[in-house]
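Asks: Take this structure, written in structure tokens, and hold onto it; I'll ask about it next.
The values are calculated or read from the model by the stated rules, or taken from the named source; none is laboratory data. Remember, it's a predicted structure, so these values are computed and weren't measured experimentally. Every residue, glycine as well, gets a Cβ built from its backbone with ideal geometry; the counts of neighbours run over all protein chains shown.
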Amino acid sequence: MANTILIGAQWGDEGKGKIIDVLTEGADVVVRTQGGNNAGHTVNLKGKKYVLHLVPSGILRRGKKCVIGNGVVVDPVGLVEEIEGLRQMGIRCQGSLFLSETAHLVLPYHRELDAHRETSKGKDKIGTTKRGIGPAYGDKAARTGLRVLDLINPERFEKQLQAKLRENNEILKAFGAKPLSFKAVHEAYRAAGDYLKPFVANTVILLHEALLRGDDILFEGAQGTFLDIDHGTYPFVTSSNTTAGGACTGSGVPPHRMDRVVGVMKAYTTRVGEGPLPTENAEIADMLHGMGREFGATTGRARRCGWFDAVATRHAGMVNGIDELAVTNLDGLDTLETIKVCVAYRDGARQYDYVPNDIEVLSRCQPVYAEFAGWRTATTAARQWKELPTKARAYLKALAELTGAKLAIASVGPGRDQTIFV
Ligand code: IMP
Ligand code: MG
């Protein structure tokens, strides 16, 4: 299968969990390289629904090594809960899951600060998942973060946590919030540290040993291109590099060892949280929500919905170097008579074929649409390219052409078998 970076080509929730699960069949190692438990990857398997937040989706297949890389921010208490939840569903992580010792920790004050900063922003809020992601990466960049290494060293952790709580409780007080109790945080985190210790590894060495063996590695992206801290719609972004480069820095695997980039995108667009979404459309949102689709896996929030935005996906193709496309949720459009695709943005007299950086400009941009005839047939039972309606095939081909990458996979439902290799 070769070493593959899989990224979201839109605003997250492209259906990466399912595509990762499908591609994992051919991989030996699956690695998360950025983000934290803000991610929610849904995989439906044999009538059961698994929602993964930190554990790579590869865990659902036996015999795959799953790595939480150095670029991830880890809430240890959350991770323990996730591992235990998987155990109750019959999935064992012991022996398969490896946690980077240099991954940074998310602590309770990160979550508190995330929430209070959001509240104090009022209507300008980002709409974060309130998982403490921004403050945790902030500490990492400020060189004041705690890492997995520290968590599993009880004496060091105790001292560091005392100092961190002193400082952060002052900040919390300034927000008018209750200070955190050292005892409670320390107990919970120490217990999580003991539980996680057997999973902790030098994952850079582990991955390079895998490369030497000729193992195939799948890099599992979280969130999406336009939530990237550098390339997204800043400040309405998450705090990590969600684009392809993040797979290298977040794992320690160098760029020249990457063989291909797969971009996952929905056959339409969604976004959860605030920030510009040029093709947002109330009718398509009502239709999808009415079908029970497009509610967030992490927060349960209803996602904002819109038409497919080829300007955005072309831009994603550029910054990620997308070789192959996986288009998901094609079946979400099955009932439509006409389907629109945004092919350019217009701001007054100016037309854009890329995503402008200035958020004010982007917010003003009006989509220029091309129209496609809907196929008005259920696609959920299709298993092969030739079983798709002609109009659906034409639509998929157009999406790939407009994005500038090769169409490799189309997905027509949540099941593993509802996957068409093109
Ligand atoms: P944060 O990552 O919790 O700080 O949230 C920042 C922005 O990214 C918000 O708009 C979130 O809704 C969005 N976001 C974070 N993680 C995900 C995800 O896994 N899927 C979709 N949106 C996400
Ligand atoms: Mg998600």
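Asks: Can you tell me which residue in region 293-327 is modelled with the highest pLDDT, limited to those that are within 16 Å of ligand 2 (Cβ to nearest atom) and of a type in the set (Gly, Ala, Ser)?
Replies: Across region 293-327, the extreme among qualifying residues is Ala326.
Asks: A follow-up question, please. Can you pull out the residues in region 300-318 that are surrounded by 19 or more Cβ atoms within 10 Å (Cβ to Cβ) and either in contact with an Asp or Glu (Cβ under 8 Å, 6 or more places away or on another chain) or not in a helix (DSSP H, G or I) (or both)?
Replies: Passing the criteria: Arg303, Arg304, Cys305, Gly306, Trp307, Phe308, Asp309, Val311, Arg314.
Asks: With the condition kept exactly as written, say whether any residue in region 95-113 is part of a loop (DSSP other than H, G, I, E, B), more than 22 Å from the chain's Cα centre (by Cα) and away from ligand 2 (no atom under 16 Å from the Cβ).
Replies: yes
Asks: Surrounded by fewer than 17 Cβ atoms within 10 Å (Cβ to Cβ) and either assigned to a helix (DSSP H, G or I) or in contact with a Leu (Cβ under 8 Å, 6 or more places away or on another chain) (or both): is that true of Leu211 in this structure?
Replies: Yes, satisfied.
Asks: Which condition from (1) more than 16 Å from ligand 2 (Cβ to nearest atom); (2) in contact with an Asp or Glu (Cβ under 8 Å, 6 or more places away or on another chain); (3) modelled with pLDDT under 95; (4) not basic (Lys, Arg) is the one that Leu52 breaks?
Replies: Tallying (1) more than 16 Å from ligand 2 (Cβ to nearest atom); (2) in contact with an Asp or Glu (Cβ under 8 Å, 6 or more places away or on another chain); (3) modelled with pLDDT under 95; (4) not basic (Lys, Arg), Leu52 fails exactly one: (1).
Asks: Counting just the residues of region 47-68 that are under 14 Å from the mean Cα position of the chain (by Cα) and within 27 Å of Ala141 (Cβ to Cβ), which one comes out surrounded by the most Cβ atoms within 10 Å (Cβ to Cβ)?
Replies: This residue is Pro56.
Asks: Would you check if Thr233 is out of contact with any His (no Cβ under 6 Å at 6 or more places or on another chain), assigned to a loop (DSSP other than H, G, I, E, B), closer than 22 Å to Leu146 by Cα and within 16 Å of ligand 1 (Cβ to nearest atom)?
Replies: no
Asks: So Gly12 clears everything in (1) on the phi < 0 side of the Ramachandran plot; (2) at pLDDT 90 or above; (3) crowded, with 20+ Cβ neighbours inside 10 Å; (4) in contact with a helix residue (DSSP H, G or I) (Cβ under 9 Å, 6 or more places away or on another chain) except one condition, right? Which one?
Replies: That leaves (1) as the condition not met.
Asks: Looking at region 150-168, can you tell me whether even one residue there is under 29 Å from the mean Cα position of the chain (by Cα) and of a type in the set (Gly, Ala, Ser)?
Replies: Among the residues of region 150-168, not one is under 29 Å from the mean Cα position of the chain (by Cα) and of a type in the set (Gly, Ala, Ser), which makes the answer no.
Asks: Which one of these is more than 21 Å from Met287 (Cα to Cα), among the aliphatic types (A, V, I, L, M) and touching a Lys or Arg at 6+ places or on another chain (Cβ under 8 Å): Ile359, Ile420?
Replies: So the residue among Ile359, Ile420 that is more than 21 Å from Met287 (Cα to Cα), among the aliphatic types (A, V, I, L, M) and touching a Lys or Arg at 6+ places or on another chain (Cβ under 8 Å) is Ile420.
Asks: Of all residues in region 1-45, count the ones that are in a loop (DSSP other than H, G, I, E, B) and in contact (Cβ under 8 Å) with a residue 60 or more places away in the chain.
Replies: The number of residues fulfilling the criteria is 21.
Asks: Restricting the search to region 251-288, which residues are in a helix (DSSP H, G or I), away from ligand 1 (no atom under 16 Å from the Cβ) and surrounded by fewer than 22 Cβ atoms within 10 Å (Cβ to Cβ)?
Replies: Once the filter is applied, which keeps residues that are in a helix (DSSP H, G or I), away from ligand 1 (no atom under 16 Å from the Cβ) and surrounded by fewer than 22 Cβ atoms within 10 Å (Cβ to Cβ), region 251-288 yields Pro255, His256, Arg257, Ala282, Glu283, Asp286, Met287.
Asks: What are the residues in region 289-299 that are more than 16 Å from ligand 1 (Cβ to nearest atom) and assigned to a loop (DSSP other than H, G, I, E, B), if any?
Replies: Correct list: Met291, Gly292.
Asks: Now, a different point. Being touching a helix residue (DSSP H, G or I) at 6+ places or on another chain (Cβ under 7 Å) and more than 11 Å from ligand 1 (Cβ to nearest atom) is the filter here, so list the residues in region 32-47 that pass it.
Replies: Of everything in region 32-47, those that are touching a helix residue (DSSP H, G or I) at 6+ places or on another chain (Cβ under 7 Å) and more than 11 Å from ligand 1 (Cβ to nearest atom) turn out to be Thr33, Val43, Leu45.
Asks: Then there's this: Would you pick out the residues in region 163-193 that are in a helix (DSSP H, G or I) and farther than 18 Å from Val106 by Cβ?
Replies: Listed by number, the residues that qualify are Arg166, Glu170, Lys173, Ala174, Lys183.
Asks: Continuing with the same structure: For the subset of region 326-352 comprising residues that are free of Cβ contacts under 8 Å to residues at least 60 places away in the same chain and out of contact with any Phe, Trp or Tyr (no Cβ under 8 Å at 6 or more places or on another chain), which member is surrounded by the fewest Cβ atoms within 10 Å (Cβ to Cβ)?
Replies: This residue is Ala349.
Asks: While we're looking at this one, here's another question. Based on this model, can you work out whether Arg131 counts as without any contact (Cβ under 8 Å) to a residue 60 or more places away in the chain, under 21 Å from Glu81 (Cα atoms), among the basic types (Lys, Arg) and outside any strand (DSSP E or B)?
Replies: So Arg131 fails the test.
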